[in-house]
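Q: Provided herewith is a single structure, encoded as structure tokens, for subsequent inquiry.
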Amino acid sequence: MDVRALSRPVVNQRLDTASTNSYSILPALSRIGVLDDCGTALFHQRPVHFPVFAFGAPGSGLSSLALALSMLGYRCCSDLDHIPEYEFEGLMAGRGRRVFNAYVNIGSLGPHARALASRYPRAKFVVIDDEKRASNSQCDAFKGADVLRLDAERPHSWHALCEHVTLPPPATPSPAVRDTGQRRYLTAVLDTPTVPPAKRLRHDLSPWIAEPHESWRGIRASVSEHLKTSRSRVNFDDDLTRTETVRWLLRNDTFPGNLALFRPANVTAKSGEGLSLTVIQEPLGVRSFSAASISSRGAFLYGRFEATLQATSVPGLVSGFFLHRDSPRQEIDVEITGNRPDRLLVNVFYNPGPEGAKFDYGYRGTPVAIKLGFDASEAAHRFAIEWNPSEIRWFVDGELVHRRAEWDPTPIPNLPMMLHVNTWPTRSRELAGRLALRSLPASAIVRRIAVDAFE
């Protein structure tokens with residue numbers, strides 16, 4: 001099959017809305033290995049008016065507005081009673097070096113609305129209220145400012161907001177999510193055990209990645225009562241003596257950065273040792289290698305995930321244990337590369353939007369390298385991810401090795417994700433070194449997977 005990928009649609013899919021790639025065959029071709037695009041999925045849209053300030057009553061749709069601004073490319077701080085002192089001082093002093101360019105539903109900024117309107121004459125303001133009952137004092141606070149007023153009683157669309165900030169709307173419906181409310185900003189955290197030093201690696205250039213700064217440590221906030229999930233909880237500890245088909249899927253697809261095609265036959269049971277995930281050099285038409293991957297059939301939203309894993313030490317191979325989703329892409333990773341089995345790579349990908357939003361920016365994410373102090377290919381070790389709405393923590397053999405708060409440097413992934421364990425040969429020599437063909441076939445061993453999470 002000859003495939004030509006175009007940068008814009010040439011045939012309209014629908015007459016009532018703009019064409020998107022929602023029905024495109026390209027993602028399917030990518031999954032089966034026919035099409036490879038290893039370049040960054042560029043986010044071309046950049047805000048031209050900032051900062052943006054938004055205020056409104058509780059329950060008026062401010063969380064949806066914050067998500068909409070994020071989808072338009074704003075780095076948006078939202079739903080907090082206070083913001084960190086570093087950010088507040090820079091904002092009130094008019095300093096250009098700030099982490100954010102949009103602030104939505106920040107309690108400590110409400111009393112300073114008039115000062116902000118005076119200090120930032122080109123700023124955009126959004127107020128969500130019942131226009132019939134808007135008080136005179138509220139109107140006076142924004143006198144002379146460029147204000148968009150939205151009615152709290154009506155569903156919001158892209159039209160008014162995008163016209164206000166002069167940006168084209170994304171090719172996805174305007175988000176409508178449950179209001180978070182103002183979470184409590186935790187100025188001091190009591191349970192902050194020290195973690196080993198970590199080395200930040202090259203990351204994507206994204207509107208949703210805060211640049212590292214010595215005065216910035218992210219935002220630790222209380223978990224909103226509104227974020228308590230109504231999902232059922234699942235708890236299991238699987239020794240993988242056999243693959244439960246109702247729980248696990250053996251993959252038979254691939255992705256652009258993978259030199260191999262995943263094949264179920266490459267996942268084999270080892271007596272008393274769990275599952276062997278093997279990479280083999282063999283001609284498969286679209287790929288010259290086969291590899292192995294198992295995935296949960298269900299998706300999880302927050303929880304603890306642990307795998308007992310023995311990685312491979314073959315350069316060019318990656319042993320992974322991670323949570324992932326598409327549309328929008330979000331991901332939390334544990335990876336060990338064959339050229340450095342004494343090192344742990346942890347990573348987060350974040351893209352904004354509700355379920356179905358077509359955001360998949362970048363291929364590097366926000367990786368960090370941590371020295372393990374041992375060779376992960378010589379014996380099995382326990383690797384765990386703890387994920388909640390305000391923080392992600394990584395553990396090795398029960399010891400905390402890394403933690404990330406919100407906006408350190410990304411928001412915390414907030415949508416359900418599937419759990420995966422795999423071994424595969426990467427196209428990137430930067431990631432795992434040059435593939436050592438003479439060392440193939442090679443395997444990683446996963447002996448156990450334990451999950452305590454919401455479905």
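Q: Would you call S327 over 26 Å from L435 (Cβ atoms) and touching a residue at least 12 places away in the same chain (Cβ under 8 Å)?
A: Working: over 26 Å from L435 (Cβ atoms): yes; touching a residue at least 12 places away in the same chain (Cβ under 8 Å): yes.
Spelling it out, S327 is indeed over 26 Å from L435 (Cβ atoms) and touching a residue at least 12 places away in the same chain (Cβ under 8 Å).
Q: Filter region 103-123 for residues that are of a type outside the set (K, R) and not in a helix (DSSP H, G or I); which is nearest to R75 (Cα to Cα)? Give the derivation first.
A: Going through region 103-123, the residues of a type outside the set (K, R) turn out to be 103-113, 115-118, 120-121, 123.
Pick out the ones that are also not in a helix (DSSP H, G or I) and you get 103-106, 120-121, 123.
Working: Y103: 9, V104: 11, N105: 14, I106: 14, Y120: 17, P121: 20, A123: 15 Å.
Among residues in region 103-123 that are of a type outside the set (K, R) and not in a helix (DSSP H, G or I), the one nearest to R75 (Cα to Cα) is Y103.
Q: Can I ask one more? Could you list all residues from region 277-300 that are of a type in the set (A, V, I, L, M) and open to solvent by 20 Å² or more (accessible area, probe 1.4 Å)?
A: I280, L284, V286, A299
Q: Another question, if that's okay. Quick check: is even one residue across region 66-85 assigned to a loop (DSSP other than H, G, I, E, B), at pLDDT 80 or above and within 18 Å of D179 (Cα to Cα)? So that I can check it myself, show each step before the final result.
A: Kept after step one, since they are assigned to a loop (DSSP other than H, G, I, E, B), are these residues of region 66-85: 72-75, 81-84.
Cutting the leftovers down to at pLDDT 80 or above gives us 72-75, 81-84.
Subset that is within 18 Å of D179 (Cα to Cα): 81-82.
So far as region 66-85 goes, yes, one or more of its residues are assigned to a loop (DSSP other than H, G, I, E, B), at pLDDT 80 or above and within 18 Å of D179 (Cα to Cα).
Q: Counting only residues that are assigned to a loop (DSSP other than H, G, I, E, B) and touching a residue at least 60 places away in the same chain (Cβ under 8 Å), how many does region 379-411 have? Give the derivation first.
A: From region 379-411, those assigned to a loop (DSSP other than H, G, I, E, B) are 379-380, 389-390, 397-398, 407-411; that's our starting set.
Narrowing further to those that are touching a residue at least 60 places away in the same chain (Cβ under 8 Å): 379-380, 389-390, 407-411.
Counting residues in region 379-411 that are assigned to a loop (DSSP other than H, G, I, E, B) and touching a residue at least 60 places away in the same chain (Cβ under 8 Å) gives 9.
Q: Restricting to region 265-296, and then to whatever is among the polar types (S, T, N, Q) and over 32 Å from the mean Cα position of the chain (by Cα), can you tell me which residue is nearest to L240 (Cα to Cα)? Reasoning before the result, please.
A: If we filter region 265-296 for residues that are among the polar types (S, T, N, Q), which is where we start, we get 266, 268, 271, 276, 278, 281, 288, 290, 293, 295-296.
Filter once more, keeping what is over 32 Å from the mean Cα position of the chain (by Cα): 271, 281.
Details: S271: 10, Q281: 26 Å.
Among those residues, the one meeting the criterion is S271.
Q: For region 440-451, indicate whether the set of residues that are more than 22 Å from the chain's Cα centre (by Cα), surrounded by fewer than 16 Cβ atoms within 10 Å (Cβ to Cβ) and within 16 Å of F289 (Cα to Cα) is non-empty.
A: Yes, some residue in region 440-451 is more than 22 Å from the chain's Cα centre (by Cα), surrounded by fewer than 16 Cβ atoms within 10 Å (Cβ to Cβ) and within 16 Å of F289 (Cα to Cα).
Q: Among all residue pairs at least 6 apart or on different chains, which show Cβ distances below 8 Å where the first residue, located in region 70-88, is at positive phi and the second is assigned to a strand (DSSP E or B) and of a type in the set (K, R)?
A: Taking only residues 6 or more apart or on different chains, the pairs are D79/R183.
Q: Residues E331, E306: which one is charged (D, E, K, R), surrounded by fewer than 19 Cβ atoms within 10 Å (Cβ to Cβ) and assigned to a strand (DSSP E or B)? Don't jump to the end; show me each part of the working.
A: On the way: E306 fails: surrounded by fewer than 19 Cβ atoms within 10 Å (Cβ to Cβ).
E331 is the lone residue from the list that is charged (D, E, K, R), surrounded by fewer than 19 Cβ atoms within 10 Å (Cβ to Cβ) and assigned to a strand (DSSP E or B).
Q: Scanning region 43-63 for residues that are part of a loop (DSSP other than H, G, I, E, B) and among the hydrophobic types (A, V, I, L, M, F, W, C), which turns out least open to solvent (accessible area, probe 1.4 Å)? Reasoning before the result, please.
A: Narrowing region 43-63 to residues part of a loop (DSSP other than H, G, I, E, B): 43-51, 57-61.
Adding the requirement that they be among the hydrophobic types (A, V, I, L, M, F, W, C) leaves 43, 48, 50, 57.
Details: F43: 31, V48: 92, F50: 108, A57: 53 Å².
Out of the qualifying residues, it is F43.
Q: Name, by its number, the condition in (1) surrounded by fewer than 22 Cβ atoms within 10 Å (Cβ to Cβ); (2) aliphatic (A, V, I, L, M); (3) part of a strand (DSSP E or B) that does not hold for L431.
A: Only one criterion is unmet by L431, namely (3).
Q: Okay, moving on. So, in region 371-389, how many residues would count as being open to solvent by 20 Å² or more (accessible area, probe 1.4 Å) and on the phi < 0 side of the Ramachandran plot? Even if it seems obvious, please write down each step before you answer.
A: Initially, region 371-389 is screened for residues open to solvent by 20 Å² or more (accessible area, probe 1.4 Å), giving 371-375, 377-382, 386, 388-389.
Checking which are on the phi < 0 side of the Ramachandran plot leaves us with 371-372, 374-375, 377-382, 386, 388-389.
Final tally of qualifying residues: 13.
Q: On to the next question. Kindly indicate whether R154 is among the basic types (K, R), farther than 28 Å from V177 by Cα and out of contact with any helix residue (DSSP H, G or I) (no Cβ under 8 Å at 6 or more places or on another chain).
A: Working: among the basic types (K, R): yes; farther than 28 Å from V177 by Cα: no; out of contact with any helix residue (DSSP H, G or I) (no Cβ under 8 Å at 6 or more places or on another chain): yes.
In short, no.
Q: Checking the structure you have, find out if any residue of region 369-392 is out of contact with any strand residue (DSSP E or B) (no Cβ under 9 Å at 6 or more places or on another chain) and of a type in the set (D, E).
A: Yes, there is a match, as at least one residue in region 369-392 is out of contact with any strand residue (DSSP E or B) (no Cβ under 9 Å at 6 or more places or on another chain) and of a type in the set (D, E).
Q: Any idea which of V318, V279, V246, V234 is touching a residue at least 40 places away in the same chain (Cβ under 8 Å) and assigned to a loop (DSSP other than H, G, I, E, B)?
A: Details: V318 fails: assigned to a loop (DSSP other than H, G, I, E, B); V279 fails: assigned to a loop (DSSP other than H, G, I, E, B); V234 fails: assigned to a loop (DSSP other than H, G, I, E, B).
On inspection, the qualifying residue turns out to be V246.
Q: Here are some residues: F255, F262. Which one is open to solvent by 60 Å² or more (accessible area, probe 1.4 Å) and either touching a helix residue (DSSP H, G or I) at 6+ places or on another chain (Cβ under 9 Å) or in contact (Cβ under 8 Å) with a residue 40 or more places away in the chain (or both)? Don't jump to the end; show me each part of the working.
A: Numbers: F262 fails: open to solvent by 60 Å² or more (accessible area, probe 1.4 Å).
Going through F255, F262 in turn, just one is open to solvent by 60 Å² or more (accessible area, probe 1.4 Å) and either touching a helix residue (DSSP H, G or I) at 6+ places or on another chain (Cβ under 9 Å) or in contact (Cβ under 8 Å) with a residue 40 or more places away in the chain (or both): F255.
Residue-wise test of (1) over 11 Å from the mean Cα position of the chain (by Cα); (2) modelled with pLDDT of 95 or more.
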| site | (1), (2) |
| --- | --- |
| D326 | no, no |
| D333 | no, yes |
| N347 | no, yes |
| D360 | no, no |
| Y363 | yes, no |
| G373 | yes, yes |
| H381 | yes, yes |
| F395 | yes, yes |
| G398 | yes, yes |
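Q: Applying the selection to region 218-272, what residues are modelled with pLDDT under 95 and of a type in the set (G, A, S)?
A: Within region 218-272, G218, A221, S222, S224, S230, S232, G257, A269, S271, G272 qualify.
Q: Return the total of residues in region 398-424 being open to solvent by 30 Å² or more (accessible area, probe 1.4 Å) and under 28 Å from D253 (Cβ atoms).
A: 2
The values are calculated or read from the model by the stated rules, or taken from the named source; none is laboratory data. The structure displayed is predicted, hence computed values, not measured ones. Using ideal geometry, Cβ is built from the backbone for each residue, glycine included, and neighbour counts are taken over all protein chains shown. Keep in mind that these areas ignore ligands, DNA and RNA; they rest on the heavy atoms of the full protein, side chains included. Shrake-Rupley method; radii C 1.70, N 1.55, O 1.52, S 1.80 Å.
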